[in-house]
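What follows is one structure encoded as structure tokens, with my remarks underneath.
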Amino acid sequence: MMLQVENLHAGYGGAKILRGVSFDLAAGEVLVLLGRNGAGKSTTIKALMGLLRPTAGRVRLAGADIAGWEPHRIARAGLGWVPEERRVFPELTVAENLEVGRRPAREGLAPWTPERLFALFPNLAELRQRPGARISGGEQQMVAIARTLMGNPRVLLLDEPGEGLAPVIVDLMAEAILALKREGATVLLAEQSLAFASRVADRAVILETGRIVWDGAIDALLADTGARARHLQV
Amino acid sequence: MDLIFLQLLTGLAGASTLFLVAAGLTVIFGVTRVVNFSHGSLYMLGAFIAWSLLSRLPREPDYFVLGVLGAAVATAVIGAVLEVVLLRRIYRAPELLQLLATFGVVLVVQDVALWVWGPVDLSLPRPRWLRGAVEIAGLRFPFYDLVLIVVGPAVLGGLLLLFHRTRWGLLVRAATQDRDMVAALGVDQRVLFTSVFALGAGLAGLGGALALPQGSANLNMDLSVIAEAFVVVVVGGMGSLGGAFLAALLIGVLQAFGIALVPKITLVLVFLVMAAVLVVRPHGLLGKPQAMARGEVEALAPIRPAGPALQVLGLVALLAAILAPFVAGPYLLSVLTEAAVAVLFAASLHVMMGPGGMASFGHAAWFGVGAYAAAFAAKGLGAGMAVGLLLAPFAAGALALLVGAFVVRMSGVYLAMLTLAFAQIAWAVAFQWVEVTGGDNGVLGVWPDGWAADKPTMYWLALLLCVGGALVLRRALFAPFGFALRATRDSALRAEAIGLDAHRLRLAAFVLAGAGAGLSGAVFAYAKGSVFPTYMAIPHSVDALVTVLLGGVQTMAGPVVGAVTFTVLQSWLLMGDFWRIKLGLLIIALVLAFPTGIAGAASAVWDRWRGRAA
Ligand SMILES: Nc1ncnc2c1ncn2[C@@H]1O[C@H](COP(=O)(O)OP(=O)(O)O)[C@@H](O)[C@H]1O
Ligand SMILES: [Mg+2]
């Protein structure tokens, strides 16, 4: 297993949000973490990344127990986070944003370079010298993903990459994720939209009130109307 | 013509060292969001270390360069240690506590420097090559001025290259915009922050070392340079290197001409120029609004009126205070008088800090204005004590109105920096304007009227005026004014939406605070019989802050508890040599241990105890 999450607990101050989240992610797999708005998807990802300190549980990344590590160490160990709010550096150019993410190559992975990333996101190539604040939301999302890939992560944590974007751009995102999958990338995708998830994911887990309530292949979820009605519809 | 040109050169040369200090301050602020009050201390250390090195090295130009660079590097190392030991622990603390903790460092460094280098100003015997002049187009230019004039832009260029052409610089710029994101991309923030701090400290040290040949290394240079550096970074725009450079040129040249033309009011001139710039460009010449995006971090607990238990306790304490002269000896009585003065001084600061949300680092300015007003009434007008006591709050309040008119527009650290800069200027005026204030010798013989001449009567009078004044301030805070003020503090936008004029409310609090402090200053003047510039000095402003912090910002009893505690501490623990280092360490320990103050911590314990009992 590339990533194993066992009984993860985390929250904000007194508010306990995650109450025992467990799932596995195999190398080369795209797993979608589904759940309604406020279910705790982003919280799970932040806890994995060390931005929130887990209060209990274990997180194994390629064998190492990274729960409780500081974010920079977790990033170096191979988790790459693309935040929901994108958080592109507004006053750095697109090229500089990518440079900030650069980390040494990782054994067994073809190292990412700006050139390869501009091939993955052709829109970005002409924007190299444009400040992060002066590109569109979709372009910022691409920069955020590209910047994280520059760190050659073992696992990419994508938090709602299609949120708030026009349908054409959402299509581009789906294609980019599929392209990454063809290259063998391992992805944990947090999503609200089953439609988007079903286009890219192999497996799904559903998060509800801080626990995993459903785990299985994405096709099984598509077939299970009962589970969808119980856990996903608003 | 020649004279003007030379003056211009002097100004530009001064601007260079000022720029170095301000650049360090602004770089550190950009990444860590901490306004480093101890930055002037690093400048001072740079000068002292340079003196130690240069006075031992041969007097050749290349050794001079070596010594100056050595001093800069040593200061950078000191900065790195400071960051690791203290600053790292307070990055997420409320702004006010960060400012206070770094001020604690100022005090500690002053005593360390006093201990290592002694109290005498140390200047460097200048070798001939340093004193030389260069002839250009028939005019003779002092060689060292030219050196300094070149150093400023050279360092600016070097810094721009560093920030825009290296990976380290890129990471620093990224961290300035979103430090947590940088960490999540695998960058160790600690290494980055420590190195940024070391760079900033090194720049300050370089500035101090370069300023040495034209002046001396002395124990006053820390506060005087930090006040100027604050003015420069605020005028230039917080976080902007180019802005700091422009502003340093502006201020440096202004000062040089000011000293040549109107020596007494040069500092006032600087302050006026700063005011003018900020009225036109509130974020400074090249600053951006988001430089202050951090906002209030501290979750402010609501102020509650005292409960019955606390009221009884207060009455008992007051009664004890009234009866004290029947048992207390003269020494204790004078300590108690000081405590009464401290109560009003702290309560007046509390008005603007707690309910007003404005932390002043220059509150002693109003105290001093009040004290000098009393002195002026006694000596200048030959009037009785009543005139002095009446004049003081009006004089302090009127000046507070003038200064506050544009200072209260600023938020958070800006306000703290500007009030400090103003107080430093007020102190310098009192210090330099010997004809009126007597300079360092002060004004002596400011005695109370005959009927209040004996100690117990003076004490009762102080108690009446100061505790009475504090109660009036307290009354104002539970009146509609106080509620409106707190509404403005908690959300200026919402307060404006319900029709409150935030600017006027804040200004009113500022003036009220100034007037209260002015009265306490006058009482103090009559009780001591004399007035000195130190009444206005920054450490005295910090006394007020520590007092309020000791007592807790968000409790009404805070200023009283704090004032009594602090006066007791000052009279016993903090007496004698090296009181600064003790006070500095006390401040640092307090910030690290009790971010809510003693009364705040006590009330939390009380609540918990009551909760368990119920
Ligand atoms: N910074 C925060 N502080 C306190 N509560 C938060 C914070 N961020 C999110 N929450 C709460 O945690 C819960 C889960 O949020 P989140 O993980 O963002 O949900 P999702 O990403 O699934 O929409 C929500 O109830 C939200 O209100
Ligand atoms: Mg989310």
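Estimate the FRET efficiency between residue A:9 and residue B:312 by the formula 1/(1 + (r/R0)^6), using the beta-carbon distance for r and 41 Å for R0, to the nearest 0.05.
On the way: r = 46 Å, r/R0 = 1.13.
Given R0 = 41 Å and the Cβ-Cβ separation, E is 0.30.
So what's the angle, to the nearest 10 degrees on a 0 to 90 scale, between helix B:308-323 and the longest Cα principal axis of chain B?
Here the helix axis deviates by roughly 90 degrees.
Peptide A:143-150: average number of partner chain Cβ atoms within 10 Å per residue? Write out the running numbers ahead of the final one.
Working: counts 0, 1, 0, 0, 3, 3, 0, 2.
Mean partner-chain Cβ count within 10 Å for A:143-150: 1.
Under a Cβ-Cβ cut-off of 12 Å, what is the net charge of the residues other than residue B:215 that fall near it, where Lys and Arg count +1 and Asp and Glu count -1?
On the way: positive: B:126; negative: B:121.
Summing Lys/Arg as +1 and Asp/Glu as -1 gives 0.
Amide H to amide H under 5 Å from residue B:449: which residues, 5+ apart in sequence or cross-chain, H placed 1.01 Å off N in plane?
Long-range HN contacts for residue B:449: B:385.
Kindly rank B:198-210, B:115-127 from highest to lowest mean number of other beta carbons found within 10 Å of each residue. Before the final figure, lay out the partial values.
Details: B:198-210: 29.1, B:115-127: 13.3.
Listed from highest to lowest mean packing, they are B:198-210, B:115-127.
With viscosity set to 1.567 mPa s at 4 °C, what whole-number translational diffusion coefficient in µm²/s follows for chain A from Stokes-Einstein and a Kirkwood radius over Cα pairs?
73
Per residue and in Å³, how big is the convex hull formed by the alpha-carbon atoms of chain B?
Values: hull volume 101.8 nm³, N = 614.
In chain B, the Cα hull volume divided by residue count equals 166 Å³.
Could you give the angle, 0 to 90 degrees to the nearest 10, between helix A:167-182's Cα long axis and the longest principal axis of the Cα atoms of chain A?
Once rounded, one gets 80 degrees.
Quick one: with all protein chains in place, what share of the accessible area of the stretch B:1-48 is carbon or sulfur, to the nearest percent (1.4 Å probe)? Mind showing how you got there, number by number?
Details: 810 of 1060 Å².
On the stretch B:1-48, the fraction of accessible area on carbon and sulfur atoms equals 76 percent.
How many nm is it between the label spots at residue A:193 and residue B:319, if each spot is 7 Å from the Cα in line with the beta carbon?
7.4
Report, by chain and number, residues whose modeled amide H sits under 5 Å from the one on residue B:141, excluding near sequence neighbours (fewer than 5 apart, same chain).
B:134, B:135, B:136
Using a 1.4 angstrom probe, figure out how much accessible area the protein assembly as shown has per residue, in square angstrom, rounded to the nearest whole. Please list the in-between numbers first.
Details: 34790 Å² over 848 residues.
Averaged over the residues of the protein assembly as shown, the accessible area is 41 Å².
With angles folded into 0 to 90 degrees, how steeply does helix B:538-551 sit against the dominant principal axis of chain B? Use alpha carbons for both and round to 10.
Tilt relative to chain B: about 50 degrees.
Report the gain in length on full extension from residue A:115 to residue A:133: 0.36 nm times residue separation, minus Cα-Cα distance, nm rounded to one decimal. Display every interim value, and only then the final one.
Values: separation 18, 0.36 × 18 = 6.48 nm, distance 2.19 nm.
Going from the current span to full extension adds 4.3 nm.
Going by a 1.4 Å probe on protein heavy atoms, which residues of the stretch A:63-95 end up with at least 10 Å² less accessible surface in the whole assembly than in their chain alone?
Residues meeting the cut-off: A:70, A:71, A:72, A:75, A:76, A:81, A:87, A:89, A:90, A:91, A:92.
For the pair residue B:401/residue B:387, report the inter-label distance in nm, with labels modelled 7 Å from Cα in the Cβ direction.
Using points 7 Å along Cα→Cβ, the separation is 2.2 nm.
Lysine pairs in the protein assembly as shown 8 or more apart or on different chains: how many have alpha carbons under 24 angstrom apart? Walk me through the numbers on the way to the answer.
Details: A:16/A:41; A:16/A:46; A:41/A:181; A:46/A:181; B:264/B:379; B:379/B:455; B:379/B:528; B:455/B:528.
Going through the protein assembly as shown pair by pair, I get 8.
Given a Förster distance of 45 Å, report the FRET efficiency between residue A:229 and residue A:16 from their Cβ-Cβ distance, rounded to the nearest 0.05. Before the final figure, lay out the partial values.
Numbers: r = 27 Å, r/R0 = 0.60.
According to the calculation, E is roughly 0.95.
List the extent of the Cα atoms of the protein assembly as shown along each of their three principal axes, largest first, rounded to whole Å.
99, 84, 47
Just from its helices, what would the mean residue ellipticity at 222 nm be for chain A, if runs of 4 or more DSSP H residues each count -39500 (n - 2.57) and the sum is divided by every residue, rounded to the nearest 500 deg cm²/dmol? Please list the in-between numbers first.
Numbers: 10 runs with 84 residues, N = 234.
After summing the helix terms and dividing by residue count, I get -10000 deg cm²/dmol.
Can you give the local net charge around residue B:108? Use residues other than it whose beta-carbon is closer than 13 angstrom to its beta-carbon, Lys and Arg +1, Asp and Glu -1. Intermediate results must be reported in sequence, preceding the final value.
Values: positive: B:580, B:582; negative: B:111, B:222.
Combined, the nearby Lys, Arg, Asp and Glu give 0.
Net charge near residue B:236, counting Lys/Arg +1 and Asp/Glu -1 over other residues with Cβ under 15 Å of its Cβ?
Values: positive: B:281, B:288; negative: B:228.
Taking every other residue near residue B:236 into account, the sum is +1.
Please give the total accessible area that chains B and A bury against each other, computed with a 1.4 Å probe and expressed in Å² to the nearest 100.
On the way: alone 26050 and 10560 Å², together 34790 Å².
Buried area (both sides, nearest 100 Å²): 1800 Å².
For residue B:262 and residue B:8, what is the calculated FRET efficiency with R₀ set at 22 Å and r taken between the beta-carbons, to the nearest 0.05? List each step's numbers first, then the result.
On the way: r = 16 Å, r/R0 = 0.75.
The calculated FRET efficiency here is 0.85.
Using alpha carbon centroids, what distance separates the stretch B:192-224 and the stretch B:53-72, in Å?
Spelled out, the Cα-based centre of one part sits 16 Å from the other.
Starting at the first residue of the stretch B:436-446, write each ³J(HN,Hα) from the Karplus equation 6.51 cos²θ - 1.76 cosθ + 1.60 with θ = phi - 60°, in whole Hz, x for Gly and Pro.
With the stated coefficients, the stretch B:436-446 comes to 9, 9, x, x, 5, 6, x, 10, 9, x, 8 Hz.
Kindly report, to the nearest 10 Å², the accessible surface of residue B:59 as traced by a 1.4 Å probe over protein heavy atoms only.
Residue B:59 exposes around 130 Å² with every protein chain in place.
The values are calculated or read from the model by the stated rules, or taken from the named source; none is laboratory data. What you see is a predicted model; the values in this text were computed from it and never measured. Because the Cβ atoms are built from the backbone with ideal geometry, glycine has one as well, and the counts that use them run over all protein chains shown. Quick note on the areas: whole protein, heavy atoms, side chains included, nothing else; ligands and nucleic acids left out. Shrake-Rupley method; radii C 1.70, N 1.55, O 1.52, S 1.80 Å.
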